[in-house]
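Q: Below is the structure I would like to discuss, written out as C-alpha cells.
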Amino acid sequence: MKKYGAQNMFSDLKKVLINPPLKGMNTLDYNKWHYNGPLMILVLFQAWIGSIVVSTKLMPGIITLHMITALLIICLVIYTYFLSTKNKIYISKFSDINFIKYFIIINLVALLFQISLGTQIRESVDFMAISLGENLRNTWIDNLGFEFFIHRSFSLFILGMNLYLVYLFIVNKRFLMVYYKIIILILLLISIEIITGAGMAYFSIPSFLQPIHLLLAFLIFSLLFYMLLVINFLTKKEKF
C-alpha cells in the first residue's frame with residue numbers, strides 16, 4: 001500500500017508540474033505553467049544545498065553554489081512574471097536598442113562575477129572568525145586575500161557601467177519615460193551597496209551589514225535582468 005501511495009503521489013505531482021491541463025489554455029499560459037516544474041526542482045535543490053551549508057559548517061564553495069542557485073530561482077520567477085505582463089509593453093523601437101541589450105548582458109555577467117567574488121570573501125571571513133576569533137575582528141580585513149581588493153575596486157567599475165547605462169536610457173527618452181522609476185532605483189541601490197561595502201571595510205565587517213549588502217546585490221541583479229527581458233522582447237517585437 002505504501003508503494004502504491006508513493007506512486008500515486010509522484011504521478012499527481014507530475015500532472016501538476018509537467019503535464020498541465022491543456023483545456024482552455026493558450027500558448028502563453030501553457031509556457032508559464034511549464035516553468036513551475038524547473039522552479040520547484042530548483043527550490044528543492046536550494047533547500048538541499050542549504051542543509052549541506054549548515055551541516056558542513058559553511059564549507060567553502062558550497063556557499064557560492066547556494067547563492068548562484070538563489071539567483072537562478074529569482075531569474076526564473078522574474079521571467080514567469082514577465083511572460084504574464086509582456087503584452088502590456090507598448091514602447092516603439094528606439095535607437096541603440098541592440099547595443100543596450102548586449103551592454104546589459106555584459107553588466108549582468110560583471111555583476112554575477114562580483115557576487116561570486118563577494119561570497120568567496122564571505123567564506124574567508126568565516127575562516128577568519130574561527131582562526132582569529134572575535135577579539136581580533138579589527139584585523140580580519142587585513143588578513144583577507146586579493147579577492148577583497150578586486151571586489152572593492154570592481155564595485156567602482158560596476159557603478160561606472162550602470163551610470164553609462166542610465167545615460168543610454170536618458171538619450172532614449174521613450175524608454176526612460178516608461179521605466180524611469182526602475183532606472184533610478186538601480187542607481188540608488190548601487191549607491192547604497194557601495195556604502196554598505198565601505199561600512200564593512202572600515203568598521204570591521206559588522207554582522208548586520210552583511211545580509212543587507214547581499215540583498216542589495218540581488219535586487220540590482222533582478223532589476224537589470226528584468227530590463228534585459230523587456231529590451232529583448234522589444235527587439236523581437238520589431239521583427240514581426
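The values are calculated or read from the model by the stated rules, or taken from the named source; none is laboratory data. Predicted model, so just to flag it, every value in this text is computed and none were measured. Cβ coordinates were reconstructed from backbone atoms using ideal geometry, including for glycine residues, and neighbour counts include every protein chain displayed.
Q: Restricting attention to the range 212-233, report how many residues are out of contact with any Lys or Arg (no Cβ under 9 Å at 6 or more places or on another chain) and closer than 15 Å to Ile195 by Cβ.
A: Within the range 212-233, the first condition is being out of contact with any Lys or Arg (no Cβ under 9 Å at 6 or more places or on another chain), and the residues that meet it are 212-213, 215-227.
Filter again for closer than 15 Å to Ile195 by Cβ, leaving 212-213, 215-217, 219-220.
Total meeting the criteria: 7.
Q: Please verify whether Phe94 is closer than 27 Å to Tyr179 by Cβ, touching a helix residue (DSSP H, G or I) at 6+ places or on another chain (Cβ under 6 Å) and modelled with pLDDT of 70 or more, treating the condition exactly as stated. Talk me through it step by step, then tell me what you get.
A: Values: closer than 27 Å to Tyr179 by Cβ: yes; touching a helix residue (DSSP H, G or I) at 6+ places or on another chain (Cβ under 6 Å): yes; modelled with pLDDT of 70 or more: no.
No; evaluated as a whole, the condition is false for this residue.
Q: Every residue in the range 93-132 that is over 13 Å from Leu224 (Cβ atoms) and among the small types (Gly, Ala, Ser), please.
A: Within the range 93-132, Ser95, Ser116, Gly118, Ser124, Ala129, Ser131 meet the criteria.
Q: So which residues in the range 97-128 are under 10 Å from Thr64 (Cβ atoms) and of a type outside the set (D, E, K, R), if there are any at all?
A: Step one: filter the range 97-128 for residues under 10 Å from Thr64 (Cβ atoms), giving 115-120, 122-123.
Across the range 97-128, the qualifying residues are Ile115, Ser116, Leu117, Gly118, Thr119, Gln120.
Q: Which is modelled with pLDDT of 75 or more, assigned by TED's automatic domain parsing to the domain that holds Leu224 and in a helix (DSSP H, G or I), of Ile78, Ile73, Ile104? Spell out how you get there, then give the answer.
A: Numbers: Ile78 fails: assigned by TED's automatic domain parsing to the domain that holds Leu224; Ile73 fails: assigned by TED's automatic domain parsing to the domain that holds Leu224.
None of the others qualify; the one that does is Ile104.
Q: Kindly check whether there is at least one residue in the range 136-151 that is closer than 18 Å to Leu223 by Cβ, in contact (Cβ under 8 Å) with a residue 40 or more places away in the chain, outside any helix (DSSP H, G or I) and not small (Gly, Ala, Ser).
A: To start, the set of residues in the range 136-151 that are closer than 18 Å to Leu223 by Cβ comprises none.
No.
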